[in-house]
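Structure record follows, encoded as structure tokens.
Derivation of every value follows stated rules applied to the coordinates shown; laboratory data play no part. On a predicted model such as this, the values are computed, not experimentally measured, just so you know. Note: ideal-geometry Cβ built from the backbone for every residue, glycine included; neighbour counts use all protein chains shown.
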Amino acid sequence: MKTPAFTIEPAQRGDLRETAEMLFDSELGRKYYPTLQTLEETLTAAFGTDLMYLLKCGGETAGFIWFQKNGAFYLYPYLHIVFVREAYRKTGCGKRLLEFFEQYALNPDGIRKLRSKVFLVVGDWNTGARKFYERSGYTEVGLLPGLFRKKVDEHLMMKECVNL
Ligand SMILES: CC(C)(COP(=O)(O)OP(=O)(O)OC[C@H]1O[C@@H](n2cnc3c(N)ncnc32)[C@H](O)[C@@H]1OP(=O)(O)O)[C@@H](O)C(=O)NCCC(=O)NCCS
């Protein structure tokens with residue numbers, strides 16, 4: 001299916017409630033956050049320090065990406081969450097958000113780098129997202145047993161990005 005027309009815009013503080021609702025209304029959101037309020041508070045605490053962008057399609061928020069500039073080993077960008085609303089999935093939206101993240105890694109603060117590494121973790125249970133990352137060139141570099149939740153192992157994944 002063709003990727004819908006979209007823009008990627010920085011999230012504003014006023015967007016955080018809707019973003020929290022969107023995330024909480026998913027298996028991912030409910031698995032890692034006990035309540036909608038906790039999720040909204042977590043987003044609010046990170047806002048301004050971390051980087052958060054919305055994928056906008058015809059006035060609607062179709063997706064969201066949240067990452068940290070030096071979140072991996074105080075050196076490399078770390079992707080915390082990429083999320084696409086169900087209605088927009090499998091149309092290339094997630095890939096566009098990942099490419100945006102990788103472009104940021106290669107051009108942080110507008111300074112062009114020749115190469116960078118980017119990192120993320122993904123839950124063992126999240127087979128769809130694991131395939132999505134693999135299709136996008138990420139490889140597993142470690143397993144973190146029970147990282148966020150006692151019985152949930154997380155796969156540490158990395159991608160080498162090169163500025164062409
Ligand atoms: C993971 C997620 C962001 C993917 O978004 P998406 O918009 O559906 O992905 P895209 O359409 O851009 O797909 C890109 C590639 O990944 C593949 N892919 C995406 N979802 C997949 C799935 N569930 N199973 C297998 N492959 C998948 C696509 O087939 C496509 O492959 P291609 O490049 O060979 O054509 C989306 O499913 C989502 O929001 N999931 C819930 C939140 C989540 O788990 N986030 C990740 C953990 S933080």
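A rounded overall shape is assigned to the chain, the ratio a/c of its alpha-carbon gyration tensor axes (a ≥ b ≥ c) being less than 1.5. In this label model, Ile111 and Lys95 are separated by 3.2 nm, measuring between points 7 Å along each Cα→Cβ vector. Averaged over residues, the count of other Cβ atoms within 10 Å places the peptides 129-138, 104-113 in the sequence 129-138, 104-113, highest first.
Among Ala87, Ala11, Ala62, which one shows the highest mean-square fluctuation when the chain is modelled as a Gaussian network with alpha-carbon springs under 10 Å? Maximum among the listed residues: Ala87. Exceeding 19 Å between C-alpha atoms, which entries from my cross-link table qualify? They are Lys56/Lys131; Lys69/Lys113; Lys90/Lys113; Lys131/Lys159; Lys31/Lys117. Those over the limit are Lys56/Lys131; Lys90/Lys113; Lys31/Lys117.
By definition, a body whose alpha carbon gyration tensor gives a ≥ b ≥ c is oblate when a/c is 1.5 or more and a/b is not larger than b/c, and region 27-75 fits this oblate description. A Förster radius of 35 Å combined with the Cβ-Cβ distance from Thr49 to Leu144 puts the calculated FRET efficiency at roughly 0.95.
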